[in-house]
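Working notes for the structure below.
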Amino acid sequence: MGRFHRHDDGTEHEHDHEHDGHEHAHEGHDHGDHSAYATGPERVVVLERIFDENDRAAADNRAALDAAGVRCVNLMSSPGAGKTTLLVHTLRHLRDTGVRAGVVEGDIETSLDADRLADLGAQISLLNTGDGFGGECHLDAPMVARALTRLDLDALDVLLVENVGNLVCPAEFDVGAHDRVMVYAITEGEEKPLKYPVMFRSVDVVLVNKMDLLPHLDFDLDLFRRNVAAVNPGARLVEVSARTGDGLEEWHAWLTDPARPAARVG
Amino acid sequence: MHELSLCQSIHGIVDRAREGRPVEVVHLQVGRLRQVVPETLAYCWTLVTDGGPLAGSRLDIDHVPVVLDCGDCGRRTTVADALLLTCGSCGSGAIGVVSGEELLVTSIDLRDPADAAAASNSAAPSGPAPAPEPTPTPAEEH
């Protein structure tokens, strides 16, 4: 790679620019003719993935969880889809069946969600993501790493990461979980899988929530299933009502299945 | 929405790569599946670099289209506007993503050395007068 030098005696030169093993994207635009200039702007090839730092932190989180034998699920949804209400049922079920549970709570600014989850026997690590600088829309791996330091991982079997309510940003950030699960309320309509395909593509399970409202809505469950299948044919749909508790047995069985194969990372 | 986080990561990468030298342009490849709004990213870059050594540098974003290969019919689809991740020929959802997930800093352009030298050293070095600083023309904008 060519490099501009200025020596102590004031002379300047640029080494030959060698195209060694990389490609410039020259097609479709014109850099102009710099041949008249002895020292033109110099391009330094970087080729570094912007998510590398996050992904390294996520791998560290997963290694720490694996070492402690903790299965970690990244729980994502729109705001108001029912994550916290679902967690109330799930934490109660895990407590009553002797499964040691923890929650990383990605609330914004307040501890309202965490307050609802208190006294259910779970370890809770609260992350207030509203630091005003980029963290308000999702959890990333370094944030979850900080949350893990406040948990006794050796005393856990299952860790649920309640992500920030958002269908865009959380899909992009591997937090170090083993599985990605989405809570989807049927009040959100049938078309969201097509509008937010990156999120729907990233998950292993979609908990189709608020099924108790089905008689009152025009929601077309078959169309929703087809839309999910269009973007993620492998996704498993589980119909539930976090309000009544209906359908949660299948979700709890999946969550605590020791034979559940390691899914994609998340 | 997550553009500010991305800019913080980009800042770290660029600051390492520049090795103390001034930077004019940061070239990025951003696949359209990354759901990044280029204008928002450019705005966040001004916030993240403000007052620091990368202030005044700008992002050049190569927004890479989403290209899919169908696992059923084998045809290739370039996705236009809607992010509908199905085969354009047979409608199958069994697709592989060929491109569109890129998110990387490809290169940086250092600030023109003649310009940098003139700015940092008012006593210009002796020798041939430096050529006038080429004013960026629209043709040079990527």
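The values are calculated or read from the model by the stated rules, or taken from the named source; none is laboratory data. Nothing here was measured: the structure is a model prediction, and the numbers come from that model. Heads up, the Cβs are rebuilt from the backbone with ideal geometry, glycines too, and the neighbour counts pull from every protein chain shown. Areas reflect the complete protein model, heavy atoms only, side chains present, ligands, DNA and RNA absent. Shrake-Rupley method; radii C 1.70, N 1.55, O 1.52, S 1.80 Å.
What to note about this one:
- Strands (runs of 3 or more DSSP E) wholly inside the range A:1-115 that include at least 1 residues being modelled with pLDDT of 95 or more, open to solvent by less than 30 Å² (accessible area, probe 1.4 Å) and within 20 Å of residue A:164 (Cα to Cα): A:71-77, A:101-105
- Against the list (1) more than 22 Å from residue A:69 (Cα to Cα); (2) crowded, with 21+ Cβ neighbours inside 10 Å; (3) in contact with a Phe, Trp or Tyr (Cβ under 8 Å, 6 or more places away or on another chain), the condition residue A:210 fails is (3).
- Remark: pairs (first residue in the range B:48-67, within 19 Å of residue B:106 (Cα to Cα); second residue open to solvent by 60 Å² or more (accessible area, probe 1.4 Å) and of a type in the set (Val, Ile, Thr); Cβ separation under 8 Å; 6+ apart in sequence or on different chains) = B:65/B:78; B:66/B:78.
- A search for C-beta distances below 6 Å between a residue of the range A:225-247 that is on the phi > 0 side of the Ramachandran plot and any residue that is assigned to a loop (DSSP other than H, G, I, E, B) and open to solvent by less than 30 Å² (accessible area, probe 1.4 Å), counting only pairs 6+ apart in sequence or on different chains, returns A:247/A:240.
- As a summary of the residue check, residue B:93 satisfies the conditions (1) more than 8 Å from chain A (Cβ to nearest Cβ); (2) modelled with pLDDT under 80; (3) more than 24 Å from the chain's Cα centre (by Cα) except for the one numbered (1).
- The set of residues from the range A:159-170 being of a type in the set (Val, Ile, Thr) and open to solvent by 10 Å² or more (accessible area, probe 1.4 Å) comprises just one member, A:168.
- Restricted to strands (runs of 3 or more DSSP E) entirely inside the range B:1-98, those with at least 1 residues that are open to solvent by 60 Å² or more (accessible area, probe 1.4 Å) are B:23-31, B:58-64, B:76-79.
- Residue in the range A:161-184 that is at pLDDT 90 or above, more than 30 Å from residue A:243 (Cβ to Cβ) and either hydroxyl-bearing (Ser, Thr, Tyr) or more than 15 Å from the chain's Cα centre (by Cα) (or both) present: no
- Only one of the numbered conditions (1) at pLDDT 90 or above; (2) surrounded by 21 or more Cβ atoms within 10 Å (Cβ to Cβ); (3) within 14 Å of another protein chain (Cβ to nearest Cβ) is not met by residue A:142, and that is (2).
- Scanning the range A:222-247 for residues that are in contact with a His (Cβ under 7 Å, 6 or more places away or on another chain) and surrounded by 17 or more Cβ atoms within 10 Å (Cβ to Cβ) yields a single hit, A:242.
- Exactly one residue among A:129, A:149 is modelled with pLDDT of 95 or more and hydroxyl-bearing (Ser, Thr, Tyr), and that residue is A:149.
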